[in-house]
Structures are given as structure tokens and as C-alpha cells.
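Read through the structure below, which is laid out as C-alpha cells, and then see the notes.
No value in this document is a laboratory result; all are computed from the given coordinates. Because the structure is a prediction, the values reported are computed rather than measured. Positions of Cβ are generated from backbone atoms using ideal geometry, with glycine treated the same way; all protein chains shown enter the neighbour counts.
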Amino acid sequence: MTIRMKDIARDLGLSQATVSKVLRDHPDIGESTRRRVLERVKELDYQPNSLARSLVTGRSFLIGLIAPSLLHPFFAEIAIALSDVIRDRGYSLIVSSSEEDAEREKEEISRLLGRHMDALIIASVGSDIQQFERMNSKAQPYVLIDRDLDGVDANFVGINDKRAGYLATEHLVSMGCRRIAHIRGQDNSPGNGRFEGYKEALRDNNLFFSNDYVVRRNYVDIETTRRGAEAMRLLLERNPKPDGVFCFNDPLAIGAMSTILESGLRIPEDIALIGCGNLPNNDWLRVPLSSIDQRSQMVGQHAAELALNLIESKQMPHTQTTVLEPTLVIRSSTQKKRNK
């Protein structure tokens, strides 16, 4: 027999409203009452009727995440952080992937909105802002993460990408590198920001910038390790070869590492290597990888809190931009002796 909320209320001699408040973790319920209700819920294995709750509140209690790739550890860490925060408030996360395809991203946005998501969190791969303008016109809550979009008034959470590029390149300089290459990303806010930081660090240290030492990858979140290996093969054809490489992200750097080692060169003695993302497996690579920490957990946490605030506000608040500062994490791949 299906257990209903009113059955629990009748068993305990409480009102249905009191039981509902306990299940929603409402603060004005006494601890003894809360404990009684939760014990009875556990005994009866009660499962709240989410459809009934949605009909009463007008909310689905679902938040959608659209990421460029579900295999990229950076977005996986963001998804975990998002889920942890919203779960405590009674929401569930629906995760989808655009596979770095702008048209597929549009389809996924429409599909999730069709399922009545209360908010969307999007790492956008496109540049067309029309769909975001339509969401603004309908007061549909959404938050952009990692990639900001010019021309749209949107809530955003990400890192200072120019600072990330600067930190990585300046660290290579401090390790004695003088011919520093960059495997860069797309023409979006992270790709352009990290590229600008790379160039600025070269200028500040009186080092020559050459386009010959820059290789662009148009896809940086799917099949990324292979793309990094291909880019590094191109850089090894340069004369002279680079003695340091800053990669847009860690998976690209892991691919570059395999090419360097397969060519018989040493890391960092011949070529120092640094990525961006500070992924959990960086310590366990053949050469532990130096990286820039993108604060993925904090990005997820801030985006979740912002989305919940948008959902629960009685009127649409002013848009917010949260830019987190990246940090340098040094490992063996860059610890070469400085030139004297």
C-alpha cells in the first residue's frame, strides 16, 4: 500500500503541514518533532510524491546542466559540486552534453526547458545569443559557467582566464624556459583569455612572441588527449623546438606529454609542460603534471547557489558575475633547473 504524508501525520498526531515542513527541512520545527517524523519516515520507507509537490509549488525541483562533454573531468567535478549543493535543498540535477556542437546545445536547451527545469546551468559552446535572450525575455533562470558570452545579460561563474594564462607562462619563464609554446583553445572567453595571459607574460619578461609557437585546437573537450598529441607533434617540427609548453587544459597537456616522451625527449629537462584544470589524476601521470587550478568545485558551488537564488526569488534579481582567481600547482613536469 502506498504510504502518504497524511498517514504519517495521523500516526504521529501532527498536522500534514508540520510533516511537510520537516521533509523540506524548514527551520521553525522543533528538534524532537523533527526526529519523530524522520524516524517514522524511515520506518515506513516513505517516498515523497514529487509530482504532487510540483503541482502544489509550480516547480519541478529539477536543475539542468549542459556541458560540452560528460567525459571531461573538469565538468564532472562541477556536476558533483552542483549536485551536492542542490540536493540539500530538495532539488535534483539532470545532466546533458552538447558534445561541443552549438546546434546540439540549442536542442538540449529546448529539450530540458520542455521538461520544465526550474533553472539551467550552461557551459556554452556557441556564440549565438538569441536563445539566451529568449530565456531572459521569459524570466527563465539560467547561469553561464566557464564560458562567458558577449552581448547577453547573463549570470556567470568562472575563473580569471587571463590570469590563468599569465600564471602558467610566468611559471615556465621562472623555470628557465625561453621558447614557450601554447596549445590554445577556441575563440571563446577561456580560449582568448588564456591566450592573452600567455602573450602578456611573454611581453612582461621581454620574450619574443611568435605565431609559430601557437597551435590552435578547435575542439578541446572531446577526444582531447588525441588532439593534444597532434598539436605537440606540430610543435616538435619547429626549429628550434620549444623548451616550454602551456596547454589550454590538462587533457591537451596529457596528450602533449605522450608525444614528447614518445619522441625520446625528457620532461621537464628538454621541454617543460603545464596544463590548466588541476585534474585529480595529475599526480599519477608518468610525469606528474603542473597545472593551474580552475577551482572547479567552487565554480559548481557558486553556480548552484546562484541558480537556487534565481529560482526562489520573487522577482528576477540583477545579474551577477562571479570570477574566481586561479592558483598555480607545481609538479614534476616543470621543475627544471633555471638557466644561469
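A few comments on the model shown:
- Cα→Cβ-extended label distance, 7 Å offset, between Asn218 and Gln297, nm: 3.8 nm
- Relative contact order computed over the range 5-48 (Cα-Cα under 8 Å; 6+ residues apart), in percent: 37 percent
- Using alpha-carbon coordinates, inclination of helix 250-262 to the longest axis of the chain, degrees: 40 degrees
- Tail beyond 12 Å, pair distance distribution of the range 247-295 (Cα, percent): 56 percent
- Charge dipole (the chain, unit charges on Cβ, about Cα centre) - positive-most of Pro73, Ile330, Cys276: Ile330
- A simple spin-label model places pseudo-atoms 7 Å from Cα toward Cβ; at Gln47 and Arg87 they are separated by 1.7 nm.
- Dipole magnitude of the chain about its Cα centre (Cβ charges: Lys, Arg +1; Asp, Glu -1), debye to nearest 20: 500 debye
- Of the GluC sites (Glu not before Pro) found in the range 259-331, the ones in coil according to DSSP and having at most 14 other Cβ atoms within 10 Å of their Cβ are Glu269.
- Tail fraction, Cα-Cα pairs, the range 5-48, threshold 14 Å, whole percent: 37 percent
- Across every direction, the projection of the convex hull enclosing the Cα atoms of the range 283-333 has a mean area of 4.4 nm².
- Compared with the dominant Cα axis of the chain, that is its longest principal axis, helix 296-312 is turned about 40°.
- Neighbourhood charge, 12 Å Cβ-Cβ cut-off, centred on Leu273 and excluding it, Lys, Arg +1 and Asp, Glu -1: 0
- Dimensions (Å) - the range 219-340, Cα atoms, principal axes, largest first: 62, 31, 26
- Residue separation of Phe208 and Arg266 scaled by 0.36 nm, minus their Cα-Cα distance, works out to 18.5 nm of gained length.
- Potential extension, Arg286-Ala139 segment - 0.36 nm per residue separation minus Cα distance: 48.0 nm
- Placing unit charges on the Cβ atoms of the charged side chains and taking the dipole of the chain about its Cα centre, the candidate lying farthest along the positive direction among Gln131, His26, Val215 is His26.
- Listing Asp161, Asp283, Asp150 from fewest to most neighbouring C-beta atoms within 10 Å gives Asp150, Asp283, Asp161.
- Taking every alpha-carbon pair under 8 Å whose residues sit at least 6 apart, the chain reaches a relative contact order of 17 percent.
- Considering the range 98-229, its Cα convex hull presents a mean projected area of 9.2 nm².
- Reference-scaled alpha-carbon Rg (2.2 N^0.38 Å with N residues) for the chain: 1.21
- Against the chain, whose longest principal axis comes from its Cα atoms, helix 161-174 is set at around 40 degrees.
- Protection proxy ranking of 88-98, 169-179 - average other beta-carbon atoms within 10 Å, highest first: 169-179, 88-98
- Whole-angstrom gap from the range 99-137 to the range 237-252, using each part's C-alpha centre: 34 Å
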